[in-house]
Amino acid sequence: MIRLSKSIVGKLEKEALSQVIDESYLGMGKFVREFEEKLREYLGVRCVICVSSGTAALHLALIGAGVGVEDEVLVQSLTYIASFQAITATGAKPIPCEVAPETCTIDLYDAERKVTERTKAIMPVHYASRVGKLDQIYDFARKYNLRVIEDAAHAFGTKYKGMKVGSSEYLNYSTSQLLNRSTIVCFSFDGIKNITSGEGGAVITDDDNVARFVMDASLLGVHRDTEKRYKGLRSWEFDVFHQGYRYHMSNLFAAIGIVQLERFEKELKPKRQMLAKKYHEKLKNVSEIILFPDDYSEIVPHIFPLRILDNKRDGLRAYLLENEIECGIHYFPNHLLTYYGNKTGELPVTEQIYRELLTLPLHPDLTETEQNYIIEKVKKYLNA
Ligand SMILES: *Cc1c(COP(=O)(O)O)cnc(C)c1O
């Protein structure tokens, strides 16, 4: 079976893990500090706080931005359940919005119709590593005085107008547009993302208050515990000012993350881009396929979704599976889940696109032979 996605780990990650085990301290300590430092260097930013997952990063970023009970957060329905769960975890209500079909990022016309006096924030999801119309999102956020919390789980390494998502330039750019309220960018390092730490995530911000809050809140709210743990110390007498969570990253996970970051620019990123370019090139003339933009020099694709027209998605998916090719569907719309209302017909564009979406295998271990085989089978089924 050709896998849809995969953790790309091996000898180097094993060695890094052994080193942590040899040092016998698996909790939050010097490896986490080193991973954060390397991420800071890579992005050229002041504040990177690593946490236990991308979902935890979103949850803390939302609270840090002041989102809570009775607030509303605008978010596209077509996203991983994590975006929605992070919002409801704060007590706020996710307001599901349509997507723009060309990129599957949030449709601001629809979002605008859904603004109320309770709207506190907007969460753009960088679907398939594309940030969408970010300038318009900033304009929109400024107009309605909203905080922006970016779900950049797919977008590690991706550039927008030449600026890396989450880099200092990128944050400065947003700060200037948002009148001194910067965006907060959240990454995921779960097993199959552009880089992995096993499980993990990070909050990137240049807002010191948000950074301070996230640091303390990720260690059960213990005031300034982060600095102590970096030095291998513990807090025995301390104060707590707000609700906290057990969301810190462990040394084991950070050790994997450090190696992955080292492998990223030279190995993992170009491989993902190369595979996506080839898919695009080979499938662009198939009449029943709609591809997303060919921007694979700017973005680092986490997944390769496409749209299959004429109700052929399910048939193609079954055919590929028969031929030992695993595919995905990103994503089942969240507004159709029981917990989020399950009102069919509420978002017709999203519901239609959902029926067309199919994700082809994309991960740096995919071989040329495997990719050729996938392309051949897709074309064969569609008589192209
Ligand atoms: C992976 C992902 C997350 C959450 O990250 P975890 O690290 O798995 O908690 C959030 N949003 C999107 C769009 C994702 O793909």
In the chain, how does Rg compare with the Kirkwood Rh, expressed as the Rg/Rh ratio over alpha carbon atoms?
0.97
Rounded to the nearest 5, what % of DSSP beta bridges with both residues in the chain are antiparallel?
60
Could you work out how far helix 313-322 tilts from the main Cα principal axis of the chain, as a 0 to 90 degree angle to the nearest 10?
90
Hey, what's segment 27-74 come to in accessible area per residue, 1.4 Å probe, Å²?
32
Using a 1.4 angstrom probe and counting only protein chains, how large is the accessible area of GLU368 in Å², to 10?
130
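Accessible area per residue for segment 326-368 in Å², computed with a 1.4 Å probe and the full protein assembly in place, what is it? It would help to have the intermediate numbers written out before the result.
Values: 1890 Å² over 43 residues.
Value returned for segment 326-368: 44 Å² of accessible area per residue.
How big is D for segment 65-216, in µm² s⁻¹ as a whole number, if Stokes-Einstein is applied with the Kirkwood radius of its Cα pairs at 25 °C and 0.890 mPa s?
Numbers: Rh = 15.4 Å.
The Stokes-Einstein estimate is 159 µm²/s.
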Mind checking which aspartates and glutamates have their C-alpha under 14 Å from LYS38, skipping anything on the same chain fewer than 8 residues away?
GLU262, GLU265
In terms of modelled amide H atoms, which long-range or inter-chain residues lie less than 5 Å from the amide H of VAL99?
ASP107, THR350
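Using a 1.4 Å probe on the protein heavy atoms, what percent of the accessible area of the chain belongs to carbon and sulfur? All intermediate terms of the calculation are to be shown ahead of the outcome.
Numbers: 8250 of 16320 Å².
It is 51 percent, rounded to a whole number.
At 1.4 Å probe radius, can you tell me the per residue accessible area of segment 175-320 in Å²? Could the numbers behind the result be given before it?
Numbers: 6390 Å² over 146 residues.
Normalised by residue count, the accessible surface of segment 175-320 is 44 Å².
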Just to confirm my numbers, what's the Cα centroid distance between segment 310-328 and segment 138-213 in Å?
35
Taking a 1.4 Å probe, which of MET28, MET215 shows the most accessible area, and what order do the others take after it?
MET215, MET28
Between helix 54-64 and the chain, what is the angle of the helix's C-alpha long axis to the longest principal axis, kept within 0 to 90° and rounded to the nearest 10?
50
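Quote the FRET efficiency, to the nearest 0.05, computed for GLU23 versus ASP295 with a Förster distance R0 of 35 Å and r equal to the Cβ-Cβ distance.
So the FRET efficiency works out to roughly 0.25.
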Can you flag which of LYS133/LYS282; LYS114/LYS159; LYS278/LYS379; LYS93/LYS193; LYS161/LYS379 are past 25 Å Cα-Cα?
LYS133/LYS282; LYS114/LYS159; LYS93/LYS193; LYS161/LYS379
Shape call for segment 1-47 from the C-alpha gyration tensor, a ≥ b ≥ c root eigenvalues: rounded (a/c under 1.5), prolate (a/b greater than b/c) or oblate?
oblate
Ignoring everything except DSSP H segments at least 4 long, calculate the 222 nm mean residue ellipticity for the chain; use -39,500 (n - 2.57) per segment, divide by total residues, nearest 500.
-11500 deg cm²/dmol
Here the net charge surrounding VAL349, from other residues whose Cβ is less than 9 Å away from its Cβ (Lys, Arg +1; Asp, Glu -1), is -4
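The values are calculated or read from the model by the stated rules, or taken from the named source; none is laboratory data. This structure is a prediction, so every number in the text was calculated from the model and none was measured. Note that we place each Cβ from the backbone using ideal geometry, even for glycine, and neighbour counts take in every protein chain shown. Only protein heavy atoms, including side chains, enter the accessible area calculation; ligands, DNA and RNA are left aside. Shrake-Rupley method; radii C 1.70, N 1.55, O 1.52, S 1.80 Å.
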